[in-house]
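Trainee: Here's a structure for you.
The values are calculated or read from the model by the stated rules, or taken from the named source; none is laboratory data. Note that the structure is predicted; figures quoted are calculated from it, not measured. Here Cβ is always computed from backbone atoms with ideal geometry, including for glycine, and neighbour counts include all displayed protein chains.
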Amino acid sequence: MKIIKLGFLGGLCIFFMISLLGCGQETDKSEHSGMNHGSMEDDKMNEELTIQFATSEESIKKNEAVTLTADIKKADVAVTDAKVEFEVWKKEQKEHTKTEATQQKDGVYEAEVKYEEEGQYEVIVHVTTPTTHQMISKQFQVEK
Ligand SMILES: [Cu+2]
């Protein structure tokens, strides 16, 4: 398990996402080679991922290990070549941690984490595949 403290990567990622959203209008061959937009075939190729986030415990206790899970599918098929990271921070706090998940079975990525403070946490699940980057944001609660 790898944890990297970060303050600005989330912002970078949003920037990345905006540039991806904008890539329908651009043809930057160096960065988007093989991704041509517009034809129906390519629409299918660029089909959205389904990202499902879950925590192993329904009620997460502070200082107790919990597993974060992301289930990644594309058109109902497990996505096995993704890089999945959980960016987590306590609500209204600046310090974010980013934990890379490990694939446990086809399309199911997990990371074990532990939180020292109770409260509301925000998570962004970042998913990078060879063709796309997609993310979802969720919340969870850490109890006393
Ligand atoms: Cu992201």
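Trainee: For region 95-144, which strands (runs of 3 or more DSSP E) that fit wholly inside it have 3 or more residues that are within 13 Å of the ligand (Cβ to nearest atom)?
Mentor: 96-100, 119-128, 133-143
Trainee: Suppose we filter region 76-94 for residues that are of a type in the set (A, V, I, L, M, F, W, C) and in a loop (DSSP other than H, G, I, E, B); how many remain?
Mentor: Result for region 76-94: 2.
Trainee: While we're on this one: Looking at this structure, is THR129 within 14 Å of LEU49 (Cα to Cα) and not small (Gly, Ala, Ser)?
Mentor: yes
Trainee: Which number in (1) touching a Lys or Arg at 6+ places or on another chain (Cβ under 6 Å); (2) hydroxyl-bearing (Ser, Thr, Tyr); (3) within 15 Å of ASP71 (Cα to Cα) marks the one condition that THR129 misses?
Mentor: Of the numbered conditions (1) touching a Lys or Arg at 6+ places or on another chain (Cβ under 6 Å); (2) hydroxyl-bearing (Ser, Thr, Tyr); (3) within 15 Å of ASP71 (Cα to Cα), the odd one out for THR129 is (1).
Listed here are the residues, each with its yes/no results for (1) within 16 Å of the ligand (Cβ to nearest atom); (2) out of contact with any helix residue (DSSP H, G or I) (no Cβ under 8 Å at 6 or more places or on another chain); (3) at pLDDT below 95.
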site	(1), (2), (3)
MET40	no, yes, yes
ASP43	no, yes, yes
LEU68	yes, yes, no
ALA78	no, yes, no
GLU85	yes, yes, no
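Trainee: Further question on the same structure: Can you confirm whether LYS73 is assigned to a strand (DSSP E or B), more than 15 Å from the ligand (Cβ to nearest atom) and of a type in the set (D, E, K, R)?
Mentor: Judged against the criteria, LYS73 is a match.
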